[in-house]
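What follows is a short report on a single structure.
The values are calculated or read from the model by the stated rules, or taken from the named source; none is laboratory data. If you're wondering where the values come from, they're calculated on a predicted model, not measured in any experiment. All Cβ positions, glycine included, derive from the backbone under ideal geometry; neighbour counts span all protein chains shown. SASA here: full protein model, heavy atoms, side chains in, ligands and nucleic acids out. Shrake-Rupley method; radii C 1.70, N 1.55, O 1.52, S 1.80 Å.
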Amino acid sequence: MPLALLALAISAFGIGTTEFVMMGLLPNVADDLGTSVPTAGYLVSAYALGVVIGAPLLTSLGARIPRKRMLVLLMGVFTVGNLASALASDFGLLIAGRLLAGLPHGAFFGVGAVVAAKLVREGRQARAVATMFLGLTIANIVGVPAATLLGQHLGWRATFLVVAGIGLVAMASLARLIPPLPAEEHTGLRRELRALGNRQVLLGLLTTVFGFAGIFAVYSYLASMMTKVTGFSEGSVPVVLALFGIGMTLGALAAGPLTDRALRPTLYGSLAALTVVLAVFHFTAEVKWAAMLSVVLIGAVGFMTTTPLQMLVMNKAQQAPTLAAASNQSAFNLANAGGAWVGGLALAAGWGWTSPTLVGAVLAAIGLAIAVTAGVLDRGSHDTSRVVARGGAADASASDAGQPAAEHAA
């Protein structure tokens, strides 16, 4: 794998750290700024809102900018957003800093996914994209726990200063390691939106929303389940969350080669496995060893869906693969918010602390049904759009070729 993928992974590590660390720092922020924990929770929503808004907006605005420069600029916005968060003097300014830090998230992964696919030879694109996402999963094992401990001991501002430092390192790595790549051929916003409106792209985005919502219906309340049902102490919760991160990493490692070999079967299998594991977790949550194993499996099969989903929308949005990949990040964040909301409804209804696991299983099953429906509909089409391994003339010639191995059995 090219060394340039390391720069993308470092950037993903910083993005993953700042996205999830706020959940562990909410009590500290609330105490320091004189607000309640539920109100401080809007800081999580502000970041997600930034992702949803920024993904299509910044991707469209940056369509004419060479990809290497675009990646550096996006990480620059990310760094400024985290620095602004660290220096925020009141809650309103912190909200603004979190929103700013979230704006480049989706656009970066959209551009980064296309760049990663073009850095490797044909048949290894999914592995390259999965390598970039490894930075995101490792952030949940190392970055988030370490940043949380740092914030608890030195103050939450120190956490965002360190993340801003990671942003600077990522910018330097991108500038040094990413080769010069041309901007996408500008097709016009109307044609890009038309490509984004492709039925297969829309079904792919819908699969992301429902399938990944199943994960966040559980993950959002995992700490409470572990303490109130399984019997773990609060001090053990970071270990349990790290196990989830380990599962995510294992899933990302497996997803790359599997997606390169057979995209849709990998997507079907991971969503089916996620449905089963979430349903079983309803019963294993009361046994410590079984609960810990279930947490690892949920992280693994859940994150195994991300690479095939990302590659699917990129392959099908022939005229706008970057915009499609960025929009998929918006879909992931909608899944984050929607899954947490639906899981919370089950808890509010008095169905018990493990009820989000069954809600998550239903959501994952809906995602599987949408994915299978899309696969059936696609069998009758002659759409051969794809993401190619090289730019320039190779892009033009490959766009007329047949479907890659990753679409086998689609």
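Between Asp31 and Glu234, residue separation times 0.36 nm minus the direct Cα-Cα distance comes to 71.2 nm. In terms of its Cα atoms, the stretch 226-370 spans 51, 31, 25 Å along the principal axes, sorted from long to short. The residue among Leu57, Leu33, Gln318 whose Cα reaches farthest toward the positive pole of the charge dipole of the chain, with charges on the beta-carbon of Lys, Arg, Asp and Glu, is Gln318.
What full-extension length gain, to one decimal in nm, is calculated for Leu6 and Ser224 as 0.36 nm per residue of separation minus the Cα-Cα distance?
Working: separation 218, 0.36 × 218 = 78.48 nm, distance 3.53 nm.
Length gained, Leu6 through Ser224: 75.0 nm.
Modelled spin labels at Phe283 and Arg121, positioned 7 Å past Cα toward Cβ, are 4.8 nm from each other.
Note on Thr39 and Val276: with the Förster distance fixed at 30 Å, the Cβ-Cβ geometry gives a FRET efficiency of about 0.20. Taking the protein heavy atoms of the chain in the context of the full set of protein chains, the accessible area attributed to carbon and sulfur is 69 percent at 1.4 Å. Diffusion coefficient (Stokes-Einstein, Kirkwood radius over C-alpha pairs, 20 °C, 1.002 mPa s) for the stretch 328-377: 180 µm²/s, rounded to a whole number. A 1.4 Å probe run over the protein chains yields, for the stretch 1-123, 35 Å² of accessible area per residue, whole-number rounding.
On alpha carbon coordinates alone, what is the Rg over Rh value for the stretch 95-162, Rh being the Kirkwood radius?
Ratio of gyration radius to Kirkwood radius for the stretch 95-162: 1.11.
Computed per residue of the chain from DSSP H runs no shorter than four, each worth -39500 (n - 2.57), the mean residue ellipticity at 222 nm is -26000 deg cm²/dmol.
I need the helices of the chain that pass two filters: whole DSSP H segments spanning 18 Å or more by Cα along the axis, and mean Kyte-Doolittle score no lower than -0.5. Don't skip to the answer; put the middle values down first.
Details: long enough: 4-33 (42 Å, 1.32); 42-61 (27 Å, 1.71); 67-87 (30 Å, 1.10); 91-118 (42 Å, 1.42); 125-138 (20 Å, 1.19); 156-177 (32 Å, 1.54); 199-219 (30 Å, 1.54); 237-261 (37 Å, 1.35); 263-284 (31 Å, 1.30); 288-303 (23 Å, 1.77); 321-348 (40 Å, 0.64); 355-379 (37 Å, 1.55).
Qualifying helices, which must be both long enough and hydrophobic enough, are 4-33, 42-61, 67-87, 91-118, 125-138, 156-177, 199-219, 237-261, 263-284, 288-303, 321-348, 355-379.
The distance between label points at Ala348 and Arg194 comes to 4.3 nm (points 7 Å beyond Cα on the Cα→Cβ vector). The slack in the chain from Leu154 to Thr373, taken as 0.36 nm per residue of separation less the alpha-carbon distance, amounts to 73.7 nm.
Using Cβ point charges alone (K and R +1, D and E -1), the dipole size of the chain about the Cα centre works out to roughly 800 debye.
Taking every alpha-carbon pair in the stretch 49-189 and binning the separations at 5 Å intervals from zero gives 2, 10, 16, 21, 21, 14, 9, 5, 2, 1, 0 percent.
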